[in-house]
Amino acid sequence: MNILLINPKYPDTFWSFKHALKFIAKKASMPPLGLLTVGAMLPKEWHKKLVDTNISKLTDEHIEWADMIFIGGMIVQKDSSQEIITRCKSMGKTVVAGGPLFTTQHEKFKGVDHFILNEAEVTLPMFLKDFEEKTLKPVYTSNIRPDITQTPIPLWSLINLDDYSTMAIQFSRGCPFNCEFCDIVIMNGRNPRTKTSEQLIAEFQSLYDAGWRRGIFIVDDNFIGHKSKVKEMLAKLIEWQKEHKYPFTLLTEASTNLADDRELMQLMSTANFNAVFLGLETPHVDSLNECGKFQNATRNMVDAVKTIHQNGMQVFGGFIVGFDSDNEKIFETQIGFIQQIGVVTAMVGMLGALPQTRLWHRLKSEGRLLSETTGENTDVNISFVPKMGKETLINGYKKIISTIYNPKLYYKRINIFLKNYRPTVRNRISPSDISAFIRSIWKIGILSRARMQYWKLILKTSFTKRKLFPLAVELAIKGQHFEKISKRILLA
């Protein structure tokens, strides 16, 4: 059997870092971890190829080679997914689809022969058994939460690692919290399940053996959902990093209660974590309570962010406007909050109703759903009727974007962050990093409207915080990407 795995195209989004990747000569941010894992779960005797359409074009020759097409993706890849499905069916191919996109809305796609929904550790073996017995069904689904200690190492040989800026690894699935707008509970449940420490170390070793020496994103829904297991794993990861001279810098996603646990922060920092994404959402406590984000509502988030920065990890922040409890003052409040806490990478989006979430069901019951969400965090297409009014929400949202990614305020946040940041990470300066700096001199230091702020940052960091110079350059480069994304949002 010849199996072609296809990763659909991502639009130009906040997290794509498309405009920043050009500085380091990379084609995409991260590889499709789900497809690489599925590839490792398929029979070894089957021949497999993977086409990531964010890296290269899907050709007719690719499709003709395949006996069966496997496609997986996220909601934001919906349009590209349907185009690929239609194209493959027009060439007479059997199409199999799975992943988050299809799990919550598979009935909306035409041309798929077999859906493998929910978690593949359960549903893929069901499909393979029926394939052997020639009794294949249209849909495979299950509510069973599998033991992920049996999940194989991703099949890295299916990709060219040099195409990507960051690799992806998963340690756990699930999140103990139940935020109204989040679909993690639907996908992976509220009881975090983890791999074993030895299993995760084996995955790190596999990337090391493949020659990888850059960043790794641990893609967990909430990395600290099961703290005792995380601490146990980190102790072993620290040993491995030391033995291998710290080949990887790490980043992940967590909840704000990370700031309560100094031991955990120190373990993460010692293991070479240099960044963590937090869903900060809003400084408005009524809105936090409305959406069930109680872990934020009960603490001082300004102090939480500062504490994490002081423990060697940069906070990437997610922010939302458009809650029912929000009023017209929220836009200025969000701007002030983002600037105060010094979160440089601040992704602000309007509230969206992801399929099957508690928010989606509530809005549907209230007759307020307008359309399907695109899954794009910074989209200006509102999928429901907001209480403050559509025009007010869109205009206020655009005001936030135009303000926080204005070069003056963006670089001000960089300086606030660098003032509080206490780095412990051991960074490797690669030839591509040096090339990126040289490109930044021309593209930002000479050609961009941020050139004055750029040179002030470069000179100040060179003289007062020399160890943070590479990070300062990185943040300046990211600013170019954010500025282009902002322009797209403002023109929409």
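The values are calculated or read from the model by the stated rules, or taken from the named source; none is laboratory data. What you see is a predicted model, and the numbers here were worked out from it, not measured in a lab. Cβ: placed from backbone, ideal geometry, glycine included. Neighbour counts: every protein chain shown. For the accessible areas, the whole protein counts, side chains as well, though only heavy atoms, and no ligand, DNA or RNA atoms are used. Shrake-Rupley method; radii C 1.70, N 1.55, O 1.52, S 1.80 Å.
Among the criteria (1) of a type in the set (S, T, N, Q); (2) open to solvent by 30 Å² or more (accessible area, probe 1.4 Å); (3) under 24 Å from the mean Cα position of the chain (by Cα), the one THR464 does not fulfil is (3). Scanning segment 292-312 turns up no residue that is in contact (Cβ under 8 Å) with a residue 60 or more places away in the chain, open to solvent by 20 Å² or more (accessible area, probe 1.4 Å) and over 25 Å from ASN222 (Cβ atoms). List the number of the failed condition for ALA97; all other conditions in (1) open to solvent by 50 Å² or more (accessible area, probe 1.4 Å); (2) of a type in the set (Gly, Ala, Ser); (3) free of Cβ contacts under 8 Å to residues at least 60 places away in the same chain hold. Looking at each condition in turn, ALA97 falls short on (1).
If you go through segment 404-420 and keep only what is open to solvent by 40 Å² or more (accessible area, probe 1.4 Å) and in a helix (DSSP H, G or I), you end up with LYS408, LEU409, LYS412, ASN415, ILE416, LYS419. Taking segment 131-157 as the range and being closer than 30 Å to ALA210 by Cβ and open to solvent by less than 30 Å² (accessible area, probe 1.4 Å) as the test, the residues that pass are PRO146, ILE148, THR151, PRO154, TRP156. Do we find a residue being modelled with pLDDT of 95 or more, closer than 18 Å to LYS467 by Cα and either open to solvent by less than 90 Å² (accessible area, probe 1.4 Å) or in a helix (DSSP H, G or I) (or both) anywhere in segment 421-433? Yes, there is a match, as at least one residue in segment 421-433 is modelled with pLDDT of 95 or more, closer than 18 Å to LYS467 by Cα and either open to solvent by less than 90 Å² (accessible area, probe 1.4 Å) or in a helix (DSSP H, G or I) (or both). Contact map, segment 1-26: residues that are in contact (Cβ under 8 Å) with a residue 40 or more places away in the chain and within 19 Å of VAL38 (Cβ to Cβ) paired with residues that are open to solvent by 30 Å² or more (accessible area, probe 1.4 Å) and aromatic (Phe, Trp, Tyr), Cβ distance under 8 Å, separation 6+ or inter-chain. Pairs shown: ASN2/TRP65; LEU4/TRP65.
One residue alone among GLU121, GLU107 is over 15 Å from PHE70 (Cα atoms), touching a residue at least 60 places away in the same chain (Cβ under 8 Å) and open to solvent by 10 Å² or more (accessible area, probe 1.4 Å), and that residue is GLU121. You will find that of GLY479, GLY396, GLY445, the residue that is of a type outside the set (A, V, I, L, M), more than 23 Å from the chain's Cα centre (by Cα) and within 21 Å of THR13 (Cα to Cα) is GLY396 and no other.
In segment 366-380, the residues that are assigned to a loop (DSSP other than H, G, I, E, B) reach residues that are aliphatic (A, V, I, L, M) and modelled with pLDDT under 90 with C-beta atoms within less than 7 angstrom, at least six apart or across chains, in these pairs: VAL380/ALA492. Just checking, does segment 240-258 include any residue being part of a helix (DSSP H, G or I), of a type in the set (Asp, Glu) and at pLDDT 95 or above? Among the residues of segment 240-258, at least one is part of a helix (DSSP H, G or I), of a type in the set (Asp, Glu) and at pLDDT 95 or above, which makes the answer yes. Do we find a residue being within 16 Å of the chain's Cα centre (by Cα), of a type in the set (Ser, Thr, Tyr) and closer than 30 Å to LEU288 by Cα anywhere in segment 212-231? The answer is no, given that none of the residues of segment 212-231 is within 16 Å of the chain's Cα centre (by Cα), of a type in the set (Ser, Thr, Tyr) and closer than 30 Å to LEU288 by Cα.
When THR166, THR151 are checked against the criterion of being under 27 Å from PHE115 (Cα atoms) and among the polar types (S, T, N, Q), THR151 stands alone in meeting it.
When MET167 is tested against (1) surrounded by fewer than 20 Cβ atoms within 10 Å (Cβ to Cβ); (2) assigned to a strand (DSSP E or B), only condition (1) is not met. Of all the residues in segment 25-41, those that are surrounded by 18 or more Cβ atoms within 10 Å (Cβ to Cβ) and either part of a strand (DSSP E or B) or not small (Gly, Ala, Ser) (or both) number 9. Of the residues SER383, SER448, the single one that is of a type outside the set (A, V, I, L, M), without any contact (Cβ under 8 Å) to a residue 60 or more places away in the chain, in contact with a Leu (Cβ under 9 Å, 6 or more places away or on another chain) and crowded, with 18+ Cβ neighbours inside 10 Å is SER383. Among the helices (runs of 4 or more DSSP H) confined to segment 70-140, the ones with at least 2 residues that are in contact with a strand residue (DSSP E or B) (Cβ under 7 Å, 6 or more places away or on another chain) and not β-branched (Val, Ile, Thr) are located at 78-90, 120-132.
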